[in-house]
Structure formats: structure tokens, C-alpha cells
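Since the structure comes first, as C-alpha cells, the remarks are kept for the end.
Every number in this text was worked out from the coordinates using simple rules, so none of it is lab data. Model, not experiment: these values are computed from the prediction. Glycine also receives a Cβ, built like all others from the backbone with ideal geometry; neighbour counts cover every protein chain displayed.
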Amino acid sequence: MTDDRLFPATIMPDKDWWHALWPYPEAVLHTVGMDSGMEVVDLCCGDGHFTRPMCQVVYPGKTRALDLDAKLLAEAGQFCQDCPNFIPVRADALELCRYISEPVDFIFIANTFHGVPDKTALSKAVYAALKPGGRFAVINWHRLPREETPVLGQPRGPDMALRMEPEDVRALVEAAGFKLEKVVEVKPYHYGAVFMKQPETWRVGEQ
């Protein structure tokens, strides 16, 4: 039985696929601005390809890995079992603020934003969970045909109709109150759009 809260068009590939695409995930995290001591969330973490390096990059800060899929979250937990700052959170991404006790510095989402039905609603949930000045990084596929984004010799990634340019992401995320800080290249086929929460008072449970 499938959970209708799972975002469509965001099927998790196998680990070989991830490793071929991003053999050095910690470099991606540094590129978008994640650093030591930050309190962070790996939103829709999947099997934890970014979660383990995230734990290492931000230590001694905590990494909360959030996913609605219990099986994938368990896989992430196995991958991060020796990381003392790993905190698994099984939850709906749209209810993020219900499951964290304090605001965080950075929220990261990779390969999922394109499949979110209401992207501004998700961005509002993220906004509410961040400290003033906190960052939200969206890692997205460039708008290229699948034939031009092969991984392990096969066309990969979402259909063209789901792919978004940075300006499309900007319009939807800034509608939640964010300000685009930068867009960075995440080779070979992605970009990272990094947004900043404007200074204001954060309230637990704000949506």
C-alpha cells in the first residue's frame, strides 16, 4: 500500500546510481554553504547518500534526516549508525515544524523538489523551521532531455515536463518569503539554488 503523502516522480535509485552521479557528496554540501557546527535537516533524505557526509561536515552540529518512507529512513540509519549527531525523523515534509524542537541553520533537499505538488507550501514549511538568516538549498536537475543526462549509460532523471530552471524555482520559493542568495553548478547535471530566510522571529509550529 502506498502512502499518498509521498511525493510523486521521486523514485529512489540504487546506491551505485547515486555514487556514479555524486561520488563526493560532501563537496556538494560545501558548495551550497554547509559548514561545521550547523544544525541541519536533510529533507526527504531517502537512503542517506547525503546524510552521512552531512553528519561529518556539520559535526558537532546535529543532522536531522527526515523522510516519510520508513524503509528508506532505516537504510539511512544503517548508513549513519556510527554518526553520533544523526537524528532520524519519520515525518511528512510539509509538517516539518511539528517534528523539530528548535529552529535550524540549514535545510537541504536534493532530487525531490521537482516532484512536490505544492512547492510554495513546502517552502513555507521550510521557512518556518529555519532560524532568521538560515539557508534552504534546492538541488535540481537542469532542464535537459533525459538522453542528455545519462548515469551508468542510461538516460536518467525526471521527464522534461518536471524539470525546472533556477528562475522557476526562485519564483516558487521566494513566494514563501525567501530571498535567492546564489545559484551554483552541481556537476554533472544539476544546480543548487540557495535561499536565505529574511530576519524575523521564529515560532515553534509556524506554518
Residues of segment 110-139 with backbone N under 17 Å of the label point set 7 Å from the Cα of Asp92 along Cα→Cβ are 116-129
Applied in sequence order to segment 81-93, the curve 6.51 cos²θ - 1.76 cosθ + 1.60 (Karplus, θ = phi - 60°) yields integer Hz couplings, x standing for Gly and Pro, of 5, 9, 9, x, 9, 8, 10, x, 9, 8, 6, 6, 4
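To the nearest 0.05, how large is the calculated FRET efficiency for Tyr99 and Asp35 if R₀ is 22 Å and r is the Cβ-Cβ distance? Don't skip to the answer; put the middle values down first.
Numbers: r = 24 Å, r/R0 = 1.08.
That gives a FRET efficiency of 0.40.
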For Leu152 and Lys71, extending 7 Å from Cα along the Cα-Cβ vector and measuring point to point gives, in nm, a value of 1.7 nm
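Could you give the length gained on full extension between Asp16 and Ala175, defined as 0.36 nm per residue of separation minus the Cα-Cα distance, in nm? Please report the intermediate quantities before stating the final value.
Numbers: separation 159, 0.36 × 159 = 57.24 nm, distance 3.63 nm.
The span from Asp16 to Ala175 would gain 53.6 nm if fully extended.
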Within the chain, cysteines having no neighbouring cysteine beta carbon under 4.7 Å are Cys44, Cys45, Cys97
Full extension between Asp118 and Gln81 adds, at 0.36 nm per residue less the Cα distance, a length in nm of 10.0 nm
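Count neighbours as other Cβ atoms within 10 Å of each site's Cβ, and list the GluC sites (Glu not before Pro) in segment 119-207 that are DSSP loop with at most 16 such neighbours. Provide the component values of the computation, followed by the final result.
Details: sites: Glu147, Glu148, Glu167, Glu174, Glu181, Glu185, Glu200, Glu206; in loops: Glu200, Glu206.
The qualifying sites are Glu200, Glu206.
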CD proxy, 222 nm, the chain: helix-only mean residue ellipticity via -39,500 (n - 2.57) per DSSP H run with n ≥ 4, per residue, nearest 500, stands at -7000 deg cm²/dmol
Ordered by fewest other Cβ atoms within 10 Å, a rough proxy for footprinting exposure, His49, His30 read His30, His49
For segment 15-197, averaging the sequence separation of alpha carbon pairs under 8 Å that lie six or more residues apart and dividing by its residue count, the contact order in percent is 19 percent
